[in-house]
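Let me begin by presenting the structure, written as structure tokens, before commenting on it.
The values are calculated or read from the model by the stated rules, or taken from the named source; none is laboratory data. Computed from a predicted model, the values in this text were never measured in an experiment. Here the Cβ positions follow ideal geometry from the backbone for every residue, glycine too, while neighbour counts run over all protein chains shown.
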Amino acid sequence: MKLKITIILLGFYCIFINALTGSILVPTFHLDGAFQTASGLFRLDSGQLPGKDFFPYLGIGPILIIFPVFKLAGSDLIASSFSTLFVTRVLAWVSVSLVVHLILRSKSFISSLCIGIILLIILIGIDKSGFFINKPFSFLIDPGTSLRPVRASAPYLLGILSYFIVTTSIPYSLKKYLAGVSAGIFLLWSNDYALPTVATFSLFFCIYFYKNSATNWLKDALVFSLILISTWLVLLLLITAGHPLELLKYNFRDVATDQWWYFSPYYDRIFHLSDLGKLINADLLILLVFSIYAYKTKYIESIILCIIGFALFFGGVLASIGGHFTKIYFNAYHAWAIIIAIIFTINLIVKLISKNIQSNQILFLRNLVSPSIIICLLMVASAGSYKYYRNLNSVQNNKYFYYIDEFGGYLNVKWKDYIEFIKLNKHKPIIEEYWGLASALNRTFSPWPVDSVIHALGDVRKKAQDSLVKADYIITSKNGNFSIWQPWSVSQNFWFYKTLFSEWEPIFHSPATTIWKKLPHKRTEQNVECEITKNRDAFTIKTDKTGLINVKLNYSITAKGRYLSMVKNNLSYASDAAGYVSINPKSDNAFFPVLSKGDENEIYDAKIVGSDNGEIIIESCEASRFIIDLDDEDEIYPSVFK
């Protein structure tokens, strides 16, 4: 037991030092990722609550599970980076260990944790070697831009609770209550994995009730369902401080409705039933084979592993149907499938070899394993410690970096003037397009309840637009740092940028952001002729000047079913946008920017994507441009032209 405890402590240290190494420098990427997570953590730390004060786009569960480590680490920006890395890696360890435990049908989860940490290190090593092109195991330890591995840990965590409930000597009469409470907790987790996880495990428990009491299973299932819903409602009321409807509305109306047409890519979607074939891949064969194995053996461990696999797969399906189709949504399932295949194969080989080895030899090998694992972990821990102190010393002695107490970490000196500007204006209201360094430094928040412009969806968009008048300064990202994504954002969020270009002027540039100050008066708009083509499916802008044109369309759409509506604007090229802005297919008007190349005859067409049986009919078109000195355009439109 002492050896096992030593292995587990070494495992935690390896993860701890690895997370420390990854959080020496203050993050400066101004879009998703570190700041998206930090925004929710900082809001919780300030006393704000989900639903009541803000809407966590990443989900309630992932933010809450990271928050305790964030508090212990110091509640600053570096603490956010550290806690996110640490929790992500611990959850990866727990997930791999659970797979080990269930396949080996181990009697001790401590033993499974010991094997799990070594296996996780080996799997990451395999990824680094380039054996798998898509690096499925690295997904497990990388928070990415939206905590996807943390969100995808829900099936594993509920799997642990479910396994405990059905295999321990808890009185059967209590199991339906414990199962209902456990499932109810995870119904709050995140938009993509909460429902698939709870649905699949609910089916599992219903089958379990039937197998144990064929006469009373329906009653047990009903009690389980009532407890599940009651737990979810009570927790939702407590977490939101009595504001559950606001959170539900944002998640299931504002986000669910808008993200379909708002986010790219636009062409790779589930438009028709026939498109569901895109969801089928080789990994499903592993799920099929293992499901047959579970059915044949009736092992509860194998059944739970299958349930986890189905939950992960359907989590990817739900995200693909609700938004766009991408293999990224199936990374968690892909990792599960390969880990299952690897551990199952290794276990089979070990069993075959064990048949030809004497019992005293097996005992000798077992006694050799634990010390070998400790030696391996000591090597990993030593290498990790060396790397951390080497990197820390390198930064501390680098004249291009300096330490900022408020962040708890080091920042490039290129940001020094920007940081000083923010400190000098600490008490002035600042709105950031993406919650970032300025907000983290002053521990403040934009007056809207989301972390960024791109998450101001549905009715939140109007609230965010109305709140712009409250700011003394507005901070936006620079196109030079974020390539094609910033022009995409300008196109999709012109409610924000049109106001910015009309009423604000840039006064300061950091390495990645621009600070804007309100003008005394709005800029003058000059009307430009916008002519609708004969077929009413396109328009031209009668100007020989290059630059940004403000366009307003009124339109009707004849298409049916699931589709997208797009209009050429020469500006939005992110992913597969190809110079087209996506407009709301359920609306009858749109307001967006067009980048004129000075050709009066250039046609800006409107088209339907995903349906061959409809078209966009343009009813009216209005266009204008701001009167700005030519020498100033590159300064006024830094997000577009710089």
Open item on the list: So for region 46-61 (the condition being under 18 Å from the mean Cα position of the chain (by Cα), of a type in the set (S, T, N, Q) and under 28 Å from Leu188 (Cα atoms)), does at least one residue qualify?
Closed with: no
- [ ] Evaluate region 624-635: report whether one residue or more is at pLDDT below 95, surrounded by fewer than 22 Cβ atoms within 10 Å (Cβ to Cβ) and within 34 Å of the chain's Cα centre (by Cα).
- [x] yes
TODO: Specify the residue that is surrounded by the most Cβ atoms within 10 Å (Cβ to Cβ); the eligible residues are those in region 297-330 that are touching a Gly at 6+ places or on another chain (Cβ under 8 Å) and of a type in the set (Phe, Trp, Tyr).
DONE: Phe330
TODO: For Ile422, indicate whether it is surrounded by 15 or more Cβ atoms within 10 Å (Cβ to Cβ) and not assigned by TED's automatic domain parsing to the domain that holds Val26.
DONE: yes
TODO: Would you please list the contacts, defined by Cβ atoms under 8 Å and residues six or more apart or on different chains, that run from a residue in region 548-566 that is at positive phi to a residue that is not in a strand (DSSP E or B)?
DONE: Gly561/Phe271; Gly561/His272; Gly561/Gly610; Gly561/Ser611
TODO: Could you tell me whether any residue of region 438-454 is within 18 Å of Phe508 (Cα to Cα), buried (at least 21 other Cβ atoms within 10 Å of the Cβ) and charged (D, E, K, R)?
DONE: no
Open item on the list: Among the residues in region 122-130, are any among the hydrophobic types (A, V, I, L, M, F, W, C), out of contact with any Phe, Trp or Tyr (no Cβ under 9 Å at 6 or more places or on another chain) and touching a residue at least 60 places away in the same chain (Cβ under 8 Å)?
Closed with: no
Open item on the list: Being aliphatic (A, V, I, L, M) and surrounded by 21 or more Cβ atoms within 10 Å (Cβ to Cβ) is the filter here; which residues of region 168-187 pass it?
Closed with: Ala179, Ala183, Leu187
Open item on the list: I'm told Ile185 meets every condition in (1) assigned to a helix (DSSP H, G or I); (2) free of Cβ contacts under 8 Å to residues at least 12 places away in the same chain except one. Can you identify the failing condition by its number?
Closed with: (2)
- [ ] Could you grab the pairs with beta carbons closer than 6 Å, sequence gap of 6+ or different chains, first residue in region 281-292 and among the hydroxyl-bearing types (Ser, Thr, Tyr), second one in a helix (DSSP H, G or I) and modelled with pLDDT of 85 or more?
- [x] Ser291/Cys306
TODO: Report the residue count in region 387-418 for those that are loosely packed, with under 12 Cβ neighbours inside 10 Å and small (Gly, Ala, Ser).
DONE: 1
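Residues are listed down the side, and each one gets a yes or a no for (1) modelled with pLDDT of 95 or more; (2) among the hydrophobic types (A, V, I, L, M, F, W, C):
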residue	(1), (2)
Ser153	yes, no
Leu161	yes, yes
Ser169	no, no
Lys176	no, no
Phe186	yes, yes
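Please find, among Pro62, Pro56, the residue that is surrounded by 24 or more Cβ atoms within 10 Å (Cβ to Cβ) and out of contact with any Leu (no Cβ under 6 Å at 6 or more places or on another chain).
Pro56
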TODO: May I ask you to say which residue of Ser138, Ser97, Ser81, Ser75 is among the hydroxyl-bearing types (Ser, Thr, Tyr), farther than 26 Å from Ala256 by Cβ, surrounded by 22 or more Cβ atoms within 10 Å (Cβ to Cβ) and under 23 Å from the mean Cα position of the chain (by Cα)?
DONE: Ser81
Open item on the list: Condition first: in contact with a Leu (Cβ under 7 Å, 6 or more places away or on another chain) and more than 24 Å from Gly22 (Cβ to Cβ). Can you find one or more residues in region 132-153 that meet it?
Closed with: no
Task: Filter result (under 24 Å from Leu245 (Cα atoms), part of a loop (DSSP other than H, G, I, E, B) and not aromatic (Phe, Trp, Tyr)) within region 47-78 - done: Gly47, Gln48, Leu49, Gly51, Lys52, Asp53, Pro56, Leu58, Gly59
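Quick grid of which residues meet (1) over 21 Å from the mean Cα position of the chain (by Cα); (2) on the phi > 0 side of the Ramachandran plot:
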position	(1), (2)
Asp258	no, no
Ile270	no, no
Leu279	no, no
Ala282	yes, no
Ile286	yes, no
Lys298	yes, yes
Glu301	yes, no
Ile304	yes, no
Leu318	no, no
Task: Subset of region 565-580 that is small (Gly, Ala, Ser) and in a loop (DSSP other than H, G, I, E, B) - its residue that is surrounded by the most Cβ atoms within 10 Å (Cβ to Cβ) - done: Ser572
Task: Checklist (1) more than 30 Å from Tyr295 (Cβ to Cβ); (2) crowded, with 23+ Cβ neighbours inside 10 Å applied to Ser153, failing item - done: (1)
Task: Matching entry among Leu174, Leu119, Leu178, Leu113 (being more than 22 Å from the chain's Cα centre (by Cα), without any contact (Cβ under 8 Å) to a residue 12 or more places away in the chain, farther than 26 Å from Leu58 by Cβ and part of a helix (DSSP H, G or I)) - done: Leu174
Open item on the list: Take residues that are on the phi > 0 side of the Ramachandran plot and free of Cβ contacts under 8 Å to residues at least 24 places away in the same chain and tell me which of the strands (runs of 3 or more DSSP E) falling wholly in region 420-528 contain 1 or more.
Closed with: none
TODO: Check region 160-170 and report whether any residue there is assigned to a helix (DSSP H, G or I), over 23 Å from the mean Cα position of the chain (by Cα), farther than 21 Å from Pro62 by Cβ and of a type in the set (Gly, Ala, Ser).
DONE: no
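Could you identify the single residue in Gly51, Gly22, Gly47, Gly11 that is out of contact with any strand residue (DSSP E or B) (no Cβ under 7 Å at 6 or more places or on another chain) and either within 16 Å of Leu441 (Cβ to Cβ) or free of Cβ contacts under 8 Å to residues at least 60 places away in the same chain (or both)?
Details: Gly51 fails: either within 16 Å of Leu441 (Cβ to Cβ) or free of Cβ contacts under 8 Å to residues at least 60 places away in the same chain (or both); Gly22 fails: either within 16 Å of Leu441 (Cβ to Cβ) or free of Cβ contacts under 8 Å to residues at least 60 places away in the same chain (or both); Gly11 fails: either within 16 Å of Leu441 (Cβ to Cβ) or free of Cβ contacts under 8 Å to residues at least 60 places away in the same chain (or both).
When all the criteria are applied, what remains is Gly47.
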Task: Options Ser39, Ser23; residue that is under 22 Å from Ser75 (Cα atoms), outside any helix (DSSP H, G or I) and small (Gly, Ala, Ser) - done: Ser23
